[in-house]
Amino acid sequence: MPFPRAAVFGLAGVALTADERAFFRDADPLGFILFARNVETPDQVRALVAGLRAAVGRADAPVLIDQEGGRVARLRPPHWRAAPPAKVFGDLYARKPEAAREATRLNHRLLAAELDALGITVDCAPVLDVPVAGAHDVIGDRAFSRDPAVVADLGRAACEGLLAGGVLPVVKHVPGHGRARADSHKELPAVDAPLADLRASDFAPFRMLRDAPWAMTAHVLYQSLDPGRPATQSPTVVGGTIRGEIGFDGVLVSDDIGMNALSGGFRDRAEASLRAGCDVVLHCSGEMAEMRAAAEGTGPLSPDAARRVARAEALRARKIEPLAVAEASARLESLLA
């Protein structure tokens, strides 16, 4: 296989099993994603990350995590900081925009320091979704604001903070999950807003951060774009909207193909996502039969996808800005007070 497989996989527990090690060696996924079930202590996570990379024989294999802060945080006290949800920074922005920008950047610089110390190189954050009244709370306080300009401004600060610490941000969920009236973990949300409204609000933060290194798709059906397929599996949405209108040319990873928003077998889910134009398929549960099926639906990264992955990795590998953690933490606390 000239390039790694176009997949990112989870695993079941806090250490690799023999079956997982053998599967990862043979499947050679691009990378891995960690969840709370994989996390106990810093030393254990470091050993697990090293073991995952050893299984595929690539020291630079991306290791992802959802460490947004608030309710979406896989690393938690007592070993790690309880970072606030995005809405805290958006609320501060309404009073003091400059302070909110500084606080957002600092918070994400501190997140990057925690992840870098564990060998984790990709954070599935920030959320650039713009919630609307009546939407499901699956996004809720994970969003910075209901104002797309504020979302873009603070999203930029978050990306800068992560990159300054050697961690790649993943902007999500493109082209926008904020209008969904259902939780895509449980069912497929359908958005019937006119295209003009989507362009003015939902797409806007992603357009302003189209230079982000990675982005994650939304498992949402947009009636005005493709009434037959969720964004993740729609060539119209991926090619026409995400790559075309929004102009994103970074690594495009699907949201978890194990979510109930998608239907069909896991081979079919993976194939449809890649056929639509995603670079990489994400499968999170660590369930071996599902992973094997998903692997059957994926081949090596396309040359374009490999180029995007390499460009992101070069960006991540630039010199990390020094950070005095105690002083940064104190400054962040004072800004949020």
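Quick note: the coordinates plus some simple rules give every number you see, no bench work behind them. Note that the structure is predicted; figures quoted are calculated from it, not measured. So basically every Cβ, Gly included, is an ideal-geometry build from the backbone, and we count neighbours across all protein chains shown.
Once you place label points 7 Å from the Cα toward the Cβ at residue 18 and residue 307, how far apart are they in nm?
Going by the 7 Å Cα→Cβ label model, 4.4 nm.
For the chain, with the dipole built from +1 on Lys and Arg beta-carbon atoms and -1 on Asp and Glu ones, taken about the Cα centre, which of 330, 24, 88 lies farthest toward the positive end?
330
How long is segment 1-107 along each principal axis, judged by its Cα atoms, biggest number first, in Å?
That works out to 53, 33, 18 Å along the principal axes.
Provide 259, 291, 208, 216 in ascending order of the number of other Cβ atoms located within 10 Å of each residue's Cβ, fewest first.
Fewest to most other Cβ atoms nearby, the residues stand as 208, 259, 291, 216.
May I ask you to sort 184, 285 by Cβ crowding, counting other Cβ atoms within 10 Å and putting the fewest first?
285, 184
I need the helices of the chain that pass two filters: whole DSSP H segments spanning 18 Å or more by Cα along the axis, and mean Kyte-Doolittle score no lower than -1.0.
Those that clear 18 Å and a mean of -1.0 are 42-56, 97-116, 148-164, 303-316.
Along the positive direction of the dipole of the chain (beta-carbon charges: Lys, Arg +1; Asp, Glu -1; about the Cα centre), which of 41, 262, 195 reaches farthest?
The residue sitting most towards the positive pole is 41.
Are there trypsin sites (Lys or Arg not before Pro) in segment 57-161 that DSSP marks as loop and that have at most 11 other Cβ atoms within 10 Å, and which are they?
Answer in residue order: 71.
Give the cross-link partners of residue 186 among the lysines, using a straight C-alpha distance below 19 Å as the criterion and excluding same-chain residues fewer than 8 apart.
172
Can you list the lysines whose alpha carbon sits under 22 Å from that of residue 96, skipping same-chain ones fewer than 8 residues off?
The qualifying lysines are 87.
Return the loop-located trypsin sites (Lys or Arg not before Pro) in segment 246-337 (DSSP other than H, G, I, E, B) with at most 10 other Cβ atoms within 10 Å of their own Cβ; answer none if there are none.
Qualifying residues, ordered by number: 318, 319.
For the chain, what is the mean residue ellipticity at 222 nm derived from helices alone (per DSSP H run of n ≥ 4: -39500 (n - 2.57); sum divided by total residues; nearest 500 deg cm²/dmol)?
-11500 deg cm²/dmol
Please arrange 20, 327 by how many other C-beta atoms lie within 10 Å of their C-beta, fewest to most.
Neighbour counts put them in this order, fewest first: 327, 20.
Would you please classify the overall shape of segment 146-247 from the alpha carbon gyration tensor, given that a ≥ b ≥ c denote the square roots of the eigenvalues, rounded means a/c under 1.5, and beyond that prolate means a/b larger than b/c while oblate covers the rest?
Prolate shape, in that a/c is at least 1.5 and a/b is the bigger ratio.
What distance in nm lies between label points placed 7 Å from Cα along the C-beta direction at residue 58 and residue 326?
4.0 nm
If I model a spin label as a point 7 Å beyond the Cα along the Cα-Cβ vector, how far apart are those points for residue 275 and residue 187 in nm?
Spacing of the two 7 Å Cα→Cβ label points: 2.6 nm.
Using 0.36 nm per residue, how much length does the chain from residue 147 to residue 79 gain when fully extended, once their Cα-Cα distance is taken away?
21.0 nm
Tell me the label only: which of [x] 16; [y] 60; [z] 9 is percent of Cα pairs over 38 Å apart as calculated from this structure?
[z]
About the Cα centre of segment 29-132, what is the dipole size in debye to 20, counting +1 per Lys and Arg Cβ and -1 per Asp and Glu Cβ, all else neutral?
Around 140 debye, computed over segment 29-132.
Return a whole-number percent for the relative contact order of the chain, with Cα pairs under 8 Å and 6 or more residues apart as the contact set.
RCO, the chain: 18 percent.
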